[in-house]
Amino acid sequence: MSIEINAVIRDLKGTGASRRLRRAGTVPGVIYGGGKEALSLEINYKELFLQFRHEAFHASVLTLILGGKKENVLLRDFQMHPVRNTIQHIDFQRVSATEKIHVKVPFHFVNGDVAPGVKTGGGIVAHVLTEADVSCLAKDLPEFIEVDLGALEIGQSVHLSQIKLPKGVSFVQLAHSNDAAVASIAKTRGGVSEAADEATPEATPEA
């Protein structure tokens, strides 16, 4: 999935200028890195939000179009309004085609419903991690990493070292000898996962 963002150079800076930009329907931002100077940007809010809501926007190499020129960038930070949940500011980092990047990539879990520990053992899938930091060249960055739970029995877990990664991609945690569990099949106790936190008497179950 190729995602392009149109931006223009932002001349006015400061808190007051940023507020005026937001009222005018644009989002202030910045692009930095790649051995070049940092530049202040402004981006049309509606166009940005249409892309921002996609999972791939947060874990893919994006194409930023600035002054008619295209640059490969990563989303590095953003601020949301605490009440309206609108994008207040956004940061992009330039990426090199020859240098490895570190990016958090989401997991997509499959076959949990047919895992023996669920189908015949009466357990439930417990997601320990929902994403992990990977290292790779920009061209090799996956939008997501698939985790197959189809062989898990009750009490078993799948760890980072057991997940098949695309060529050229590695987990940063494994490089630091941290073979973390990603998901497991948990036993249930009265219909509640033993891996789940015990609810308080006042708490109500989620729908």
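We did not get these values from a lab; they are worked out from the coordinates using the rules stated. In this text, all values refer to a predicted model and were calculated from it rather than measured experimentally. No Cβ is skipped: glycine too gets one built from the backbone with ideal geometry, and neighbour counts run over all protein chains shown.
Provide the per-residue ³J(HN,Hα) series for the range 41-46, in order, calculated from phi with Karplus coefficients 6.51, -1.76, 1.60 and θ = phi - 60°, each as a whole number of Hz, with x at glycine and proline positions.
Coupling constants for the range 41-46: 10, 9, 9, 4, 4, 4 Hz.
Once phi is turned into θ = phi - 60°, what whole-Hz ³J(HN,Hα) does the Karplus curve with 6.51, -1.76 and 1.60 give for every residue of the range 90-102, x standing for Gly and Pro?
9, 10, 10, 10, 5, 10, 9, 6, 10, 10, 5, 10, 10
Zone of VAL8 (label point 7 Å along Cα→Cβ, backbone N under 18 Å): which residues in the range 22-61?
22-31, 39-49
Return, ordered by residue number, the residues of the range 82-102 whose backbone nitrogen is under 19 Å from a label point located 7 Å along Cα→Cβ of VAL172.
91-102
Pull out the extension gain between GLN162 and LYS119, defined as 0.36 nm times the separation in residues minus the alpha carbon to alpha carbon distance; nm, one decimal. Please report the intermediate quantities before stating the final value.
Working: separation 43, 0.36 × 43 = 15.48 nm, distance 2.17 nm.
Residue separation times 0.36 nm, minus the Cα-Cα distance, leaves 13.3 nm.
Binning every alpha carbon pair distance of the range 58-141 at 5 Å from zero, what are the percents per bin?
Once binned at 5 Å, the Cα pair distances of the range 58-141 give 3, 11, 15, 15, 14, 13, 10, 8, 7, 3, 1, 0.
I'm a student and want to see the number: the projected area of the Cα convex hull of the range 101-193, averaged over all directions, in nm².
Numbers: hull surface 23.7 nm².
Mean orientational projected area (the range 101-193, Cα hull): 5.9 nm².
I need the semi-axes of the equivalent ellipsoid of the chain: take the C-alpha gyration tensor, multiply each eigenvalue by 5, square-root it, list largest first in whole angstrom. Write down the numbers at each step before the final one.
Values: eigenvalues 308, 106, 34 Å².
Over the Cα atoms of the chain, the semi-axes work out to 39, 23, 13 Å.
What pairs in LYS70/LYS104; LYS13/LYS167; LYS46/LYS104; LYS13/LYS70; LYS46/LYS139; LYS36/LYS167 have C-alpha atoms more than 32 Å from each other? Before the final figure, lay out each step's value.
Working: LYS70/LYS104 23 Å; LYS13/LYS167 43 Å; LYS46/LYS104 25 Å; LYS13/LYS70 23 Å; LYS46/LYS139 28 Å; LYS36/LYS167 30 Å.
Violating the 32 Å limit, Cα to Cα: LYS13/LYS167.
Using every pair of alpha-carbon atoms in the range 127-178, split the distances into 5 Å bins beginning at 0 and state the percent of pairs per bin, rounded to integers.
P(r) for the range 127-178, in whole percents per bin: 4, 16, 31, 23, 15, 7, 2, 1.
Magnitude of the Cβ-charge dipole of the chain, K/R +1 and D/E -1, about the Cα centre, nearest 20 debye? Kindly include the intermediate steps, with their values, before the conclusion.
Numbers: 22 positive and 24 negative charges, 207 e Å.
Result for the chain is approximately 1000 debye, rounded to the nearest 20.
Where the Cα atoms of the range 4-94 are projected onto their three principal axes, how long is each span, largest first, in whole Å?
Cα spread of the range 4-94 along its principal axes, largest to smallest: 32, 30, 20 Å.
Per-residue ellipticity at 222 nm for the chain, helices alone: DSSP H runs ≥ 4 residues times -39500 (n - 2.57), over residue total, nearest 500 deg cm²/dmol?
On the way: 4 runs with 25 residues, N = 207.
Calculated from helices alone, the mean residue ellipticity at 222 nm is -3000 deg cm²/dmol.
When the chain is fully extended, how far beyond the present Cα-Cα distance does GLU143 get from ARG19, taking 0.36 nm per residue of separation? Could you put the intermediate results ahead of the total?
Details: separation 124, 0.36 × 124 = 44.64 nm, distance 3.30 nm.
41.3 nm is the gain from fully extending GLU143 to ARG19.
Could you order the peptides 156-165, 40-49 from most to least packed, using the average number of other C-beta atoms within 10 Å per residue?
Working: 156-165: 15.5, 40-49: 17.5.
Output ranking for 156-165, 40-49: 40-49, 156-165.
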